[in-house]
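What follows draws every value from the coordinates through simple rules; no lab data is involved. Note that the structure is predicted; figures quoted are calculated from it, not measured. Ideal geometry is used to build each Cβ from the backbone, glycine not excepted, and the neighbour counts take in all protein chains shown.
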Amino acid sequence: MWTRRLLFFALVALVLPNFVHAATPQSAKPATPNPEQVIGWINASAKNLVALPNFDFQLANLDDDADWEIVAKQNSTVHLGTFYILDQKADRTYSLVAEKPWNVPHLQLERWDFSSERNHPQLDPHASDDPAEVAGKRLFETVDHTGGTGISAYEAHLWYMEKGKLVEAWSGVLKQTSSVPGGQLFQTLGNYQLFTDDEQHPALYYWTTEQELDPDTGSPLSGKSSTKLQVYRFENGAFTLAP
């Protein structure tokens with residue numbers, strides 16, 4: 001009898017922590033800090049310092065731990081800006097963990113997941129507030145409005161957080177307009193879609209259409225366009241072009 005009881009309690013001691021860990025909920029969304037606090041945390045270690053007024057931020061749950069992160073952006077001139085990620089410390093303040101030279105037009109981090117249903121449970125039995133995952137990674141999108149002399153472009157960056165660092169999984173052009181000497185005007189339009197049937201090696205399909213525009217009206221010229229499809233596979237933490 002005592003042997004059975006000892007075996008029972010030993011089994012409970014081994015199994016119970018796993019159940020407790022699995023059932024541990026993520027912490028509730030904390031109170032939003034004020035802009036001056038966030039700017040102070042960023043400027044403590046940033047290369048590109050933040051100055052009001054062209055500054056925005058929001059709380060986001062970017063990884064698997066219980067703490068919330070902060071994503072922020074600063075927009076400077078037409079094609080210049082910076083994107084920041086801050087991680088929460090033990091004392092509930094934040095520190096900068098990622099800084100990218102991206103001129104971000106908006107902070108819609110899950111825009112790529114267009115099929116995500118955020119309806120009421122009575123309308124969608126599969127509705128969930130959990131962030132979408134790709135190959136076990138919480139994937140996010142940030143758009144960079146970049147360019148230079150004679151060129152303007154919107155580029156999508158897909159990324160995730162791993163061990164407190166930003167890992168870029170893929171990038172591609174969504175829209176690019178460029179002029180060349182001689183007066184010609186060209187435009188590239190792109191878009192992508194993820195196929196996650198293969199959970200370990202999901203695919204990313206990327207379409208681009210290149211066309212020449214009328215330099216006076218900006219309208220596409222007839223017979224001056226071509227469309228290309230590229231397929232990427234998720235390998236070793238990033239989407240790489242499939243052979």
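Stretched out fully, how many nm does the piece from residue 203 to residue 111 gain, at 0.36 nm a residue minus the Cα gap?
In short, 31.4 nm is gained.
If the chain between residue 196 and residue 235 were fully stretched, how many nm would it gain, using 0.36 nm times the residue separation less the Cα-Cα distance?
Length gained between residue 196 and residue 235: 12.7 nm.
May I ask you to order 148-157, 202-211, 215-224, 44-53 by the average number of other C-beta atoms within 10 Å around their residues, highest value first?
202-211, 148-157, 44-53, 215-224
Output the pairs from 47/89; 100/165; 137/165; 47/163; 29/175 with a Cα-Cα distance over 23 Å in this structure; if there are none, say none.
29/175
Show me the ranking of peptides 61-73, 99-111, 170-182 by mean Cβ neighbours inside 10 Å, starting with the highest. Intermediate values should be presented prior to the final figure.
Values: 61-73: 18.6, 99-111: 16.3, 170-182: 14.5.
Going from most to least packed, we get 61-73, 99-111, 170-182.
What nm distance separates the two modelled labels at residue 77 and residue 65, each placed 7 Å from Cα along Cα→Cβ?
3.9
Would you kindly derive the ³J(HN,Hα) couplings of the stretch 55-68 from the backbone phi angles with the Karplus curve 6.51 cos²θ - 1.76 cosθ + 1.60 (θ = phi - 60°), listing them in order in whole Hz, with x for Gly and Pro?
Running phi through 6.51 cos²θ - 1.76 cosθ + 1.60 with θ = phi - 60° gives 9, 9, 7, 7, 7, 8, 9, 9, 9, 8, 7, 7, 7, 8 Hz.
What is the distance, in nm, between label points placed 7 Å from the Cα along the Cα-to-Cβ direction at residue 168 and at residue 91?
For residue 168 paired with residue 91, the spin-label model returns 3.3 nm.
Please list the three semi-axes, largest first and in whole Å, of the ellipsoid equivalent to the stretch 154-243, using sqrt of 5 times the eigenvalues of its alpha carbon gyration tensor.
Values: eigenvalues 214, 46, 15 Å².
Working from the Cα gyration tensor, I get semi-axes of 33, 15, 9 Å.
Please list 3J(HN,Hα) in residue order for the stretch 89-105, calculated via the Karplus relation 6.51 cos²θ - 1.76 cosθ + 1.60 where θ = phi - 60°; whole Hz, with x for glycine and proline.
For the stretch 89-105, the Karplus-derived couplings read 9, 4, 8, 6, 8, 10, 9, 6, 10, 8, 9, 10, x, 10, 8, 8, x Hz, x marking Gly and Pro.
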